[in-house]
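Report on the structure given below.
The values are calculated or read from the model by the stated rules, or taken from the named source; none is laboratory data. Given the structure is predicted, the values throughout are model-derived calculations rather than measurements. Glycine gets a Cβ as well: all are built from the backbone with ideal geometry, and neighbour counts include every protein chain shown. Accessible surface is based on the protein model in full, side chains and every heavy atom, while ligands, DNA and RNA are left aside. Shrake-Rupley method; radii C 1.70, N 1.55, O 1.52, S 1.80 Å.
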Amino acid sequence: MTSRRDLLLYLGASLLDSSPVRAQEPARELVRARNRGYPGLDAEREGAWRGPFFFLQLADPQFGMFNRDGSWERETELFTRAVEHVNRLRPRFVIVCGDLVNQAPPGPVYPQQVAEYKRIAARIDESIPLVCVCGNHDVGNRPTPATLARYRQEFGDDWFTLWVGGVCNLVLNSSLYADPGAAAAEQERQQAWFAESLTAARRANPQHILVFQHHPWFLSRPDDPDQYFTIPRVRRDPALALMRAAEVRAVFAGHYHRNAYGRDGEMEMVTTSAVGKPLGEDPSGLRVVKVLADRLEHTYYGLDAVPKKVTVG
């Protein structure tokens, strides 16, 4: 006969077993970019080409967008599925091109949205570097010193360099390029760093130079007219000239919540739809990017159509 004490112990264990998954997950701090670099991914360790590889690009998980910051269950479901794909495919790295959350600081639910993003992102296998990029919803459409400081506190540097397998990758805070009005000194620092970093990258003779950001420079043509989804030409044109001179292979962005493709000479402008809420016909998904010796190959997949395995070369 089961005693009352044994029954209580059994019920207590059952309640613990049925508690939400998030309560059982150990806290793990995400790796953050710092000192304009990403820990472990520097030229000394990763400057040499070792052969083809692939990475995954995501954009706009944007926790809170579906329900206007009232809840974010749908974003949790979609980002969780994306992380499962990451862990199964095992890319060389995964990069999330901005709008990690929907409500910019100091919004009242910003801390909860950040916590939920981090909780799910922490499920990515620690051997797969996760690179976070700053979006306009992460710092506001017009970033301020305060919103930039909060982002850096949560996620680390908002512009930096990382090297992977002989490829030099430059990450930008495109929100400062979109509207530097409230943080002009920060944008001046970033522009100077970008020019110097492109020169240094070209001098290092990498296999490719890639740029990652949130806003696309343009959607289809370098002379696309100014609009909400692109960088204004007053700052776009000088940056494109720098990238042409450095022979940047491709720029990867998000922000548009749809896929778009353009070129500026030999440089591709790849705009990737949202892993969160789409705004067009492209479903929630991610992009597989294969890095070959002489080119890139990339395909966008809806979360229901991601291949079981990626082969390169």
Next on the checklist: How much length would be gained if the chain were fully extended between residue 227 and residue 45, taking 0.36 nm per residue of separation minus their Cα-Cα distance, in nm to one decimal?
Outcome noted: 61.5 nm
Checklist entry - If you put +1 on each Lys and Arg Cβ and -1 on each Asp and Glu Cβ, how big is the dipole of the chain around its Cα centre, in Debye rounded to 20? => result 520 debye
Next on the checklist: Give me the percent relative contact order of the chain, please, defined on Cα pairs under 8 angstrom at least 6 residues apart.
Outcome noted: 21 percent
Item to check | Residue-normalised accessible area of the chain, expressed per residue, 1.4 Å probe, Å² | outcome: 45 Å²
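Kindly identify segment 74-121 as rounded, prolate or oblate by the Cα gyration tensor criterion: order the square roots of the eigenvalues as a ≥ b ≥ c, call it rounded if a/c is under 1.5, otherwise compare a/b with b/c, prolate if a/b is larger, else oblate.
Numbers: a/c = 2.97, a/b = 2.05, b/c = 1.45.
Cα axes put segment 74-121 in the prolate bin.
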Checklist entry - Setting aside same-chain residues fewer than 8 positions from residue 277, which lysines have a Cα under 21 Å from its Cα? => result 118
Checklist entry - At a 1.4 Å probe radius, carbon and sulfur cover how many percent of the accessible area of segment 141-287? => result 49 percent
Item to check | Rounded if a/c under 1.5, otherwise prolate or oblate - segment 48-104, Cα gyration tensor axes | outcome: oblate
Checklist outcome for this item: Descending packing, highest mean Cβ count within 10 Å first, for 266-277, 92-103 is 92-103, 266-277
Checklist entry - Over segment 143-283, what is the relative contact order in whole percent, taking alpha-carbon pairs under 8 Å and six or more residues apart? => result 20 percent
Checklist entry - In terms of Cα to Cα distance under 15 Å, which aspartates and glutamates are near enough to residue 309, apart from those fewer than 8 places away along the same chain? => result 84
Item to check | Relative contact order for segment 20-163, counting Cα pairs under 8 Å that sit 6 or more residues apart, in percent | outcome: 33 percent
Next on the checklist: Counting only other residues whose beta carbon sits under 13 Å from that of residue 239, what net charge do I get with K and R as +1, D and E as -1?
Outcome noted: +2
Next on the checklist: Suppose the chain between residue 304 and residue 146 were pulled fully straight at 0.36 nm per residue; how much longer would it get relative to their current alpha carbon spacing?
Outcome noted: 53.0 nm
Next on the checklist: I want to check the label-to-label distance for residue 28 and residue 312. Put each point 7 Å from Cα in the C-beta direction and report it in nm to one decimal.
Outcome noted: 2.1 nm
Checklist entry - So if R0 is 41 Å, what FRET efficiency would residue 67 and residue 295 give, r being the distance between their Cβ atoms, rounded to the nearest 0.05? => result 0.50
